[in-house]
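Asker: Here you go, one structure.
Laboratory data are not the source of any read-out in this text; all were calculated from the coordinates shown. Since the model is a prediction, treat every value here as computed from it, not as a measurement. Ideal geometry is used to build each Cβ from the backbone, glycine not excepted, and the neighbour counts take in all protein chains shown.
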């Protein structure tokens, strides 16, 4: 087991380095000059060249990458090419908003998908199961931004029970924080929950065909008890894989939801910096998003070892 964990951590470290090289390379070759952006369109060529030297843009690519990545490892994201301010505090504030939004959305998605998918699988072929499948399929077809607009229309515009957007820090007012969080978290989470419920249903149906479950039924266990005791753990492995993929989807979907609900998260920060062509800030935000996805995938991969005893014995 220890060898498997160390192997996965090694793969994670190599992947982070490779992703950082790709992100730095792609953003470095984009059109536009960071020095000219920092000085403005009225700057002379001499001033631009001096600013390039000051910013280190005249150095070779690998030297600039090594310097950038080295600072990144200690939490230094550099300074903005537009404002000249440190990028790290901006990213930290936005990261807190996105983590809360995505974390809440994942929780809602799992709380909805597991019982819904399990019930749909158990009632397969019955009228109730067909109706539940149709509801789940309808949820899959609804884009997150459309769900957000519909929720705002109903609960903010018509009923006026929840705010249409904005963000309140949980340390300032916990109740207002929750009120502002409800609509974006539901819009982001329940749509993904409908997708996840389809995979839960498929995984449970597959487990129900296994010999060990039929044996449990043969000795007198009810279907529900056999599923809870032996089925859910086996069904959890493919579902965990899907959850890992969906978290990446939620991070991307959060970009849209944050704009719909005017949330100051990483998605909004990324779009703002792209519009300003603030490449150092864009590089920092992109690497944080990539790092989040890779860390979550590592945790999902390690969770396989905890859930499946066969992996512990062969690691």
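Asker: Need one number: nm distance between label points at residue 275 and residue 57, each 7 Å from Cα along Cα→Cβ, rounded to one decimal.
Answerer: Those two pseudo-labels are separated by 2.2 nm.
Asker: Here's another thing I want to ask about it. Nearest 0.05, what FRET efficiency do residue 111 and residue 150 give at R0 = 22 Å with Cβ-Cβ as r?
Answerer: So the FRET efficiency works out to roughly 0.60.
Asker: Report the full-extension gain for the segment residue 17 to residue 209: residue separation times 0.36 nm, less the Cα-Cα distance, to one decimal in nm.
Answerer: 64.8 nm
Asker: Expressed in nm to one decimal, what extension gain is obtained for the pair residue 169 and residue 85 from 0.36 nm per residue of sequence separation less their Cα-Cα distance?
Answerer: My answer for the length gained is 28.0 nm.
Asker: Relative to the first principal axis of the alpha-carbon coordinates of the chain, what is the inclination of helix 2-28, with its axis defined by its Cα atoms, in degrees from 0 to 90 and to the nearest 10?
Answerer: Rounded to the nearest ten degrees, it is 40.
Asker: Based on the mean of other beta carbon atoms within 10 Å per residue, what is the order of 103-109, 84-90, most packed first?
Answerer: 103-109, 84-90
Asker: Still on this model: So what's the back-of-envelope 222 nm ellipticity for the chain, counting only DSSP H runs of four-plus at -39500 (n - 2.57) apiece and dividing by all residues, rounded to 500?
Answerer: The helix-only estimate for the chain comes to -25500 deg cm²/dmol at 222 nm.
Asker: Please report, in whole Å³, the volume per residue of the convex hull around the C-alpha atoms of segment 240-289.
Answerer: In segment 240-289, the Cα convex hull volume per residue is 71 Å³.
Asker: Something else now. Which of the three applies to the chain, rounded, prolate or oblate, going by the alpha-carbon gyration tensor with a ≥ b ≥ c and a/c under 1.5 meaning rounded?
Answerer: The shape class here is oblate.
Asker: Mean shadow of segment 71-149, computed from the convex hull of its alpha carbons, in nm²?
Answerer: Seen from a random direction, the Cα hull of segment 71-149 projects 8.5 nm² on average.
Asker: Nearest 10 degrees, 0 to 90: what angle lies between the long axis of helix 279-307 and the longest principal axis of the chain (Cα atoms)?
Answerer: 30 degrees
Asker: Any chance you could check the Cα centroid distance between segment 51-109 and segment 114-170 for me, in angstrom?
Answerer: Result: 35 Å between the Cα centres.
Asker: Right, next: Once the Cβ-Cβ distance between residue 160 and residue 248 is put in as r, and R0 is 35 Å, what FRET efficiency do you end up with, to the nearest 0.05?
Answerer: After rounding, the FRET efficiency stands at 0.50.
Asker: Compute the FRET efficiency between residue 25 and residue 218 as 1/(1 + (r/R0)^6), taking r as their Cβ-Cβ distance and R0 = 51 Å, and round to the nearest 0.05.
Answerer: Plugging the Cβ-Cβ distance into 1/(1 + (r/R0)^6) gives 0.30.
Asker: While we're here: Once the Cα atoms of helix 45-55 and of the chain are each reduced to a long axis, what angle between those two axes, in degrees from 0 to 90 to the nearest 10, is obtained?
Answerer: Approximately 50 degrees, to the nearest 10.
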